[in-house]
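None of the figures in this text is laboratory data; all of them are computed from the coordinates on show. Just so it is clear, the model here is predicted, and its values are computed rather than measured. Note: ideal-geometry Cβ built from the backbone for every residue, glycine included; neighbour counts use all protein chains shown.
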């Protein structure tokens, strides 16, 4: 019996290593693509430039260091944050159809950021904090509303409530923009609702990192326990977990980074929805692996989309349009495949 | 019996006279005195049987039409309502030249046709791009609408002609057109056969918390025309599509690397924005910044880069910046002449009210 | 040694409406206890009280001689395991991944399962005869297989006491028999088992003790032979009962045999 257990256990370990290898591969890919995208842009020439072209030109070097690099970093962080949040929300709410943009988090954050810009001076720090508060409020309202609905199962109720709350906050941003005196420098509506990283600089990176990296890191450390939060409350209790408290902590850790990223990048949708699905397809539903996979795949996806956004045409393409376009396309592919894994 | 017949006849005659006098808008070919016929910016013919006494100006950017409207002395008496509010509130300037402004009704920019109809206007003026949105609804209610474009120097001069016809002030029309034409000719003559045309980027600073982007106006707008007329090469003109501002990121700006960078900011002081960009490490490597050719577009009550009568000041300023070797225009003197000749402001008023409102890198 | 002991335990969700009234009994370790009673009699509540998720208003609960309140959550999770009737998972975990979740009590918040845990999970699967299902998706299993896997997850906790909520409810005869056999094997390995059921016959097959519950009160506690008695059952279920004794076992039927067994 013991021998059987040992051999089986070894087999499981090997499997585990294979999955870790896959994830390491994703990480490597992210690194490679990051380096490559440093050579992609509109200067000195549109699309791809050689390293010599960049190093021999002080302007190009300045561009890469002071504009491209922070923008690339922000797109990586954005993708990782949205995906991480997607994984967490989907597991906690046991609902594969949710993402921060569906549960009022992104829209609440946009609303909060707009408020901060109009009424509170709009310094980056203030904006981020108020955005975080309203992001949490958005989630809270969605869940609260879902509990009060009497139509359909939990999955449907949550999605419906989330759509309502999202719409409310989006409209709120529209109203603020309409009423606000442009002297207060409220960014265009298109920025908020469609997202964009065209205003990136190191200043934003410095302000975003303290909110985002620690939260993602902590989530990464406790990633296996996320599985337990998908279980029923009694079962989770029997395993020694405090489901209520742990869920709230995990939610806070996933919502705050999203809200902070929204305040610098606007609302970028679909990433949090599809990347977790793709990760689960590639490495399984176990969050021990699907979480880190989502981080890297999400970072990769946003990097890819933003590189297109800033390179393809002479004018900027809003990031949210690209993530929606490409994201929805991939989503359809997943849905219509004959072997429909990853969905219940 | 005779008395009865005569009484009846008189009664019937009076009745007929009453009826005919109650009827409006009967076009009679014999009535040529007082009829106004004008072709507006959308090539529509508008027929008014008498000079309009109740005029309304609606729509976003109403200040552009209003400022042109008030170029004609006495025109303000005919204005009964206008769209106002927000950062480009026409009131800011009009209150200086129209003491009766408070008595006029202020409407929303997106005003509904019923509210306009309730005021019983003889004529409604609006920008031509609002034709399908707002104009059509008004026309369905039988209200006469005249569209104005003002978007290029040519159409501006033409539209001044339209306003002049509506207000029946042909001499004044010539006066105004002359003011513009002389200056236009002055600039054009000098920039006609230039061998060197600096690359110019004229853009709106795109607010977003960071400093990585600018917005380009479409090629068809007056900003682009200003740069070309002043002897510059507007770098965005060949690519510019669309009907509104397009955001370009910093890489594209660097790719263009214009000789001269002009920043427009609505509602803010463009020179402070220009200063901010000069201090940003990213922008330091730009040729325009290195050679100190980054300027904030001047403004007083409204920015001078728009299809507002002030565009001529904008043009003169741009010419002076682009070719200082050809133009040494004393801008403050031009401002004074502008307000004196076109709006009839006294020198004291200009000193006290106009000069303090000047913003941007004027000098 | 007493694994579980309840004295005068009462509990109500809404004050004034007790769901459990003055229940007392004591269960020796290594025994199987069946909580028998119609739906609404408080079986699940009682299980949650034993689990420690609910606190009694009155009375005392002791686990292995210590008051339940004196245990930390961490300690308790290594002693008591819960296997609910249904585990609705929204994602496609494999059986192995699911069973590994049972190792949570032994892992710190920053830890994930290691080779020791893999061994325990494998053993738990073997104890329930489901090792061959380890790579299948939880959602693709039949009702019976799923129930056994849920038990395996609870077993991965290495519990001294295993709680099962209506484990037999949706199983066909074959699966019921498999499950009861697993329970018997576990008893032989020294696990104390408490399962709730509304079917009297399953108790007589495998239970050492039966607690007959009616509207939160304990009508009787004792071996099946004592509890499965016509009068008591009739007053519990509210329908005429026939008790049949054969080969030393007792079997219970509603009086009008044609009527399908209905939940009272």
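Here are some notes:
- Evaluated over the stretch B:98-177, the Cα radius of gyration and Dmax, each in Å: 14.2, 37
- Cα-based radius of gyration of chain A once divided by 2.2 N^0.38 Å, which approximates compact folds: 1.03
- Cα pair distances exceeding 21 angstrom across the stretch B:212-298, given as percent: 26
- Whether the stretch A:188-344 is rounded, prolate or oblate, judged on the alpha carbon gyration tensor where a/c under 1.5 counts as rounded: oblate
- Fraction of antiparallel bridges per DSSP, the protein assembly as shown only, in percent to nearest 5: 50
- Per-pair calculated FRET efficiency, R0 = 45 Å: residue A:65 and residue A:148 via Cβ, rounded to 0.05: 0.30
- Semi-axis lengths, Å, the stretch B:185-357, gyration tensor of Cα atoms, sqrt of 5 times eigenvalues: 26, 19, 15
- For the stretch B:36-168, diffusion coefficient by Stokes-Einstein and Kirkwood Rh (Cα), 20 °C, 1.002 mPa s, µm²/s: 147
- Whether the protein assembly as shown is rounded, prolate or oblate, judged on the alpha carbon gyration tensor where a/c under 1.5 counts as rounded: prolate
- Normalised contact order of the stretch B:215-363, rounded percent, pairs of Cα under 8 Å and 6 or more residues apart: 25
- As a proxy for reagent exposure, A:22, C:58 were ordered by neighbouring Cβ count within 10 angstrom, fewest first; the result is C:58, A:22.
- Number of partner chain Cβ atoms within 10 Å, mean per residue of A:37-44: 4
- Subtracting the Cα-Cα distance of residue A:333 and residue A:119 from their residue separation scaled by 0.36 nm leaves 72.6 nm.
- Considering only beta bridges that DSSP places wholly inside chain B, some 35 percent are antiparallel.
- Set of the stretch A:19-44 residues, backbone N closer than 20 Å to the point 7 Å along the Cα-Cβ line of residue A:312: A:33-34, A:36-43
- Across peptide A:59-71, the mean count of Cβ atoms from other chains lying within 10 Å of each residue's own Cβ comes to 5.
- The protection proxy used here, the mean number of other Cβ atoms lying within 10 Å of each residue, ranks peptides A:168-175, B:349-356, A:87-94 as follows, highest first: A:87-94, A:168-175, B:349-356.
- Scattering profile of the stretch B:298-346 at q = 0.18, 0.32 Å⁻¹ [log10 I(q)/I(0), Debye over alpha-carbon scatterers]: -0.55, -1.23
- Cα radius of gyration and Dmax for chain C (Å): 18.6, 59
- Shape of the stretch A:12-79, Cα gyration tensor, a/c cut at 1.5: prolate
- For the stretch A:1-159, relative contact order (Cα pairs under 8 Å, six or more residues apart, normalised by length) works out to 13 percent.
- For residue B:178 and residue B:105, the FRET efficiency from 1/(1 + (r/R0)^6), where r spans their Cβ atoms and R0 equals 30 Å, is about 0.35.
- Our analysis of the stretch A:1-135 gives Rg over Rh at 1.16, with the two radii drawn from alpha carbon positions and Rh computed by the Kirkwood formula.
- Taken over the alpha carbons of chain B as equal point scatterers, the Debye sum produces base-10 log I(q)/I(0) values at 0.07 Å⁻¹ of -0.37.
- Take the Cα of residue B:120, step 7 Å toward its Cβ, do the same at residue A:39, and the gap between the two points is 7.6 nm.
- Euclidean distance between Cα centres, the stretch B:62-84 to the stretch B:164-206, Å: 21
- Each label was represented as a point 7 Å from its Cα along the Cα-to-Cβ direction; for residue C:215 and residue B:228 these points are 9.4 nm apart.
- Residue separation of residue B:44 and residue B:192 scaled by 0.36 nm, minus their Cα-Cα distance, works out to 49.9 nm of gained length.
- Counted residue by residue at 0.36 nm each, then reduced by the alpha carbon distance between them, the extension gain from residue C:234 to residue C:73 reaches 53.9 nm.
- Listed by Cβ neighbour count within 10 Å, with the fewest neighbours leading, C:165, B:49, B:77, B:361 appear as B:77, B:49, B:361, C:165.
- Mean separation of Cα contacts under 8 Å (6+ apart) over length of chain A, as relative contact order %: 28
- Ratio Rg/Rh [Cα only; Rh per Kirkwood] for the stretch C:1-88: 0.95
- Rg/Rh for the stretch B:244-344 stands at 1.00; both radii use Cα atoms, and Rh follows the Kirkwood definition.
- Neighbouring Cβ atoms from other chains, within 10 Å of the Cβ of residues in C:112-119, number 6 on average.
- Computed packing ranks the peptides B:157-170, B:177-190, C:241-254 as B:157-170, B:177-190, C:241-254, most packed first, by mean other Cβ atoms within 10 Å.
- Values of log10 I(q)/I(0), in the order q = 0.20 Å⁻¹, for the stretch C:92-158 under a Debye, Cα-only, solvent-free model: -0.68
- Ordering of A:160-166, B:60-66, C:74-80 by packing [mean C-beta count within 10 Å, highest first]: B:60-66, A:160-166, C:74-80
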